[in-house]
Amino acid sequence: MSTLTDSSRRTAARVAGVGYLTLFVLAIFANFIVKQGMIDPNDAEATVTAIREQESLFRIGLAAFVAVFLIDIPVAWALYVLFAPGGRARSLLIAWFRIAYTVLLGVATVFLFLALESATSTAALGPEVAVLMVGAYDFAWYVGLSAFGLHLILLGALILRSRIAPSAIGIILAVAGATYVVDTIAHVLVADYVAIADV
C-alpha cells in the first residue's frame, strides 16, 4: 500500500470520525428537539401554532437538516476510501446506497420547508397543508432509510467478509440495517403503523 493511499485513508478516517460526531449532534437536535418537539401529526392546529410561535427555532432545525445532508456526502466518500481494501466495487456500491439515502434526506427537507411556508404564509393554505407536507417529509425520509438500511447491511457484510474491522461491528451494522429496512416496509404496508410502532 502506497504512502499516498495510507495518507488518504488517514484523512478519510478523520473525515468519517468528525463527520459522524457532527451528524449525531445535528440529527438529534433537528429531529428530536425541533421536528418532534413541534409537530403533532394528529393536531394540525397545534402544529401550525408551534411552528409560528417558534419559527426561528424551526428554521434552525431546517438548517441543521441541510447541514446533515451536506456532511453525509464526504462521510460517504470517507467510508468508500476506508473500506476499499475490502473490495473496491463493493465499497463503491455501499457508498452509492449512502448517497441515495442522503439525496432523499435532502428531498425530505424540502417538504419541511414547504410545511414552514404553509404554516407561516399569509395565504389561506390551512393547517392541514402544513401537516400534509410533514407527512411527505416522513415518507421521503422512510424511503431514504430503506437505502440507508441496505448501506448498513452491505457494509456489515463487507466487514465480515474482509475482516477489515472486528466481526462484531459487521454483525451489529447488518442487524441495524435489516431493522431499518423492515421498519420502512412496515410503514408502507401496515395501515395503522402506530399500533405496532413499539415492536
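The values are calculated or read from the model by the stated rules, or taken from the named source; none is laboratory data. None of these values were measured; they are calculated from a predicted model. Cβ atoms come from the backbone with ideal geometry, glycine included; neighbour counts cover every protein chain shown. For accessibility, only protein heavy atoms count, side chains too; no ligands or nucleic acids. Shrake-Rupley method; radii C 1.70, N 1.55, O 1.52, S 1.80 Å.
How many percent of Cα pairs in the range 1-114 exceed 24 Å? In whole percent, the share of Cα-Cα pairs in the range 1-114 beyond 24 Å is 38.
Shown in residue order for the range 188-199 are the 3J(HN,Hα) couplings computed by the Karplus curve 6.51 cos²θ - 1.76 cosθ + 1.60 at θ = phi - 60°: 7, 8, 9, 5, 10, 4, 4, 5, 10, 4, 5, 5 Hz (x for Gly and Pro). Taking the longest Cα principal axis of the chain as reference, the axis of helix 3-27 is set at about 20 degrees.
Take every pair of alpha-carbon atoms less than 8 Å apart whose residues are at least six positions apart; their mean separation over the length of the chain yields a relative contact order of 19 percent.
In units of the rule-of-thumb radius 2.2 N^0.38 Å, the range 81-199 shows an alpha carbon radius of gyration of 1.33. Normalise the Debye intensity by I(0) for the range 85-148, one equal point scatterer per Cα, no solvent, then take log10 at q = 0.12, 0.15, 0.20, 0.29 Å⁻¹ and round to two decimals. Relative scattering, expressed as log10 I(q)/I(0), comes to -0.41, -0.53, -0.73, -1.05. If you take all other residues with their beta carbon under 11 Å from the beta carbon of Ala50, and give Lys and Arg +1 and Asp and Glu -1, the sum is -3.
The residues of the range 87-199 expose, per residue, 53 Å² of accessible area to a 1.4 Å probe.
For the range 114-199, the Cβ-based charge dipole about the Cα centre amounts to some 580 debye (Lys, Arg positive; Asp, Glu negative; other atoms uncharged). Give the shape of the range 1-66 as rounded, prolate or oblate, defined through the alpha-carbon gyration tensor: a ≥ b ≥ c are the square roots of its eigenvalues, a/c under 1.5 means rounded, and otherwise the shape is prolate if a/b is larger than b/c and oblate if not. Cα axes put the range 1-66 in the prolate bin. Shape annotation for the range 143-198: C-alpha extents along the principal axes are 41, 19, 11 Å, from largest to smallest.
Placing unit charges on each Cβ (+1 for Lys and Arg, -1 for Asp and Glu) gives the chain a dipole about its Cα centre, and among Met133, Val34, Thr184 the Cα reaching farthest toward its positive end belongs to Thr184.
With the convex hull constructed from alpha-carbon coordinates only, the range 41-103 shows a mean projected area of 5.6 nm² over all directions. Residue-wise HN-Hα couplings along the range 173-179, as the Karplus relation 6.51 cos²θ - 1.76 cosθ + 1.60 with θ = phi - 60° gives them from phi, are 5, 5, 5, 4, x, 4, 5 Hz; Gly and Pro carry x. The 3J(HN,Hα) values that the Karplus relation (6.51, -1.76, 1.60; θ = phi - 60°) gives for the range 70-84 are, in residue order, 6, 5, 4, 5, x, 5, 4, 4, 4, 5, 4, 5, 5, 9, 4 Hz. Gly and Pro appear as x.
Taking the accessible area of the chain, probe 1.4 Å, and keeping the other protein chains in place, the carbon and sulfur fraction comes to 70%.
Compare the Cα positions of Thr22, Ser121, Val81 along the charge dipole of the chain (+1 at Cβ of Lys, Arg; -1 at Cβ of Asp, Glu; about the Cα centre) and return the one farthest towards the positive end. The residue sitting farthest along the positive end of the dipole is Val81. Direction-averaged projected area, Cα convex hull, the chain: 12.2 nm², rounded to one decimal.
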